[in-house]
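Notes for the one structure printed next.
The values are calculated or read from the model by the stated rules, or taken from the named source; none is laboratory data. Just so it is clear, the structure is predicted and the values come from calculations on it, not from any experiment. Cβ coordinates were reconstructed from backbone atoms using ideal geometry, including for glycine residues, and neighbour counts include every protein chain displayed.
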Amino acid sequence: MSSKPATPHIAEGFPGQRMVVLPKPLVARALSNELPIGLAPSDIGFFPRAKWHYFERPAGSPELILILCVQGKGWARFHRREYAVTPGQLLVIAPGLPHAYGADLHQPWSIYWCHAAGPLAVKFAENLLGGMPGPVLEVSDYPRLLTLYTEILDELEHGYGSDHLVPSSMALSHLLGLVWKFRRVRTDERIDSTLRVRRIAEQLCQLPEQSVSVGGLAAMANLSVSHFCALFKRVTGFAPIDYLLHMRVRRACQLLDTTDHPVKRIAGEMGFSDPLYFSRVFRKVHGLSPKAYRDITKG
């Protein structure tokens, strides 16, 4: 078991803390179609070196809870199973799930935390935790999440009106999107595999014209072809060759917009030896031919 008080004690406050708790009726009105949002921050804060921090909810919370650890240690308990929480990890607590969490006695955590209310809370929890081995997610670029937590806090500390609640809710959606992108499973082997696949996807994005094969890409990732394809689709949403074709079309669009090169030349530069095949691929992605795309007034 983690180090925690035998008798839970919640401090009155933590030096340097920040916290905003929105009135529940205000949040309910905002979510009842008054504003174009489906998820809103109802409570948010920053607790530095939160010694004795402890919370228990036997019936769970109606909101989705997101706790980002940036320093020290903490723990979370669900159905008698306990999880450690360390810097760079995000604790995701689904609505309605009984839980308890708190700071380590010897190295109390510093955390950014947020409660997200709304009809999409359950769906976001399911999506974030789907396929994960537990509620504690490794996040590969957590400083970007920290920036968004701070942005939401800054906004709501200045007021609760729609001119503050809408941008803070949009920032919350951005935060959840980055969690989805940066989340990683906790075993070193799978983290390493995901990072290798992500790097290959970035390489294809930067150099889409290069000639590659799925077998060659899998070898670069040191994975079997089947494992590589499954992991690549989970990371990017596309099969490897489909992703490469989309990146080639994206680069072709840039050339169509910024040069007067003939379509045939652009097709060749993007690795298509057959201009007709290039046109078919382009039409499949954009729903129109390269020439028709070029003729559209943009901006």
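Please go through the stretch 58-81 and give me each residue that is among the small types (Gly, Ala, Ser) and either out of contact with any Leu (no Cβ under 9 Å at 6 or more places or on another chain) or over 23 Å from residue 175 (Cβ atoms) (or both), ordered by number. Even if it seems obvious, please write down each step before you answer.
At the first step, the residues of the stretch 58-81 found to be among the small types (Gly, Ala, Ser) are 59-61, 72, 74, 76.
Within the stretch 58-81, 59, 72 qualify.
So residue 142 fits all but one of (1) hydroxyl-bearing (Ser, Thr, Tyr); (2) modelled with pLDDT under 95; (3) under 28 Å from residue 25 (Cα atoms); what number is the exception?
Unmet condition: (3).
Each row is one residue, and each column tells you yes or no for (1) of a type in the set (A, V, I, L, M, F, W, C); (2) under 17 Å from the mean Cα position of the chain (by Cα); (3) not in a loop (DSSP other than H, G, I, E, B).
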site	(1), (2), (3)
83	no, no, yes
91	yes, yes, yes
101	no, no, yes
111	yes, no, yes
116	yes, yes, yes
119	no, no, no
122	yes, yes, yes
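For the stretch 46-75, how many residues are under 21 Å from the mean Cα position of the chain (by Cα), surrounded by 18 or more Cβ atoms within 10 Å (Cβ to Cβ) and assigned to a strand (DSSP E or B)? Full working, then the answer.
Keep residues of the stretch 46-75 that are under 21 Å from the mean Cα position of the chain (by Cα), which gives 46, 63-71.
Subsequent filtering for residues that are surrounded by 18 or more Cβ atoms within 10 Å (Cβ to Cβ) retains 46, 63-70.
Those left that are additionally assigned to a strand (DSSP E or B): 46, 64-70.
Adding up the residues that qualify gives 8.
Starting from the stretch 107-130, take each residue that is within 17 Å of residue 17 (Cα to Cα) and not assigned by TED's automatic domain parsing to the domain that holds residue 32 and list its partners that are of a type outside the set (A, V, I, L, M, F, W, C) and assigned to a strand (DSSP E or B), counting only C-beta distances under 9 angstrom and pairs at least six apart or across chains.
Matching pairs, first to second residue: none at all.
Consider the stretch 79-91. How many of its residues are closer than 18 Å to residue 130 by Cα and free of Cβ contacts under 8 Å to residues at least 60 places away in the same chain?
So in the stretch 79-91, the residues closer than 18 Å to residue 130 by Cα come out as 83, 89-91.
Of the ones still in play, those that are also free of Cβ contacts under 8 Å to residues at least 60 places away in the same chain are 83, 89, 91.
Summing the residues that are closer than 18 Å to residue 130 by Cα and free of Cβ contacts under 8 Å to residues at least 60 places away in the same chain in the stretch 79-91 gives 3.
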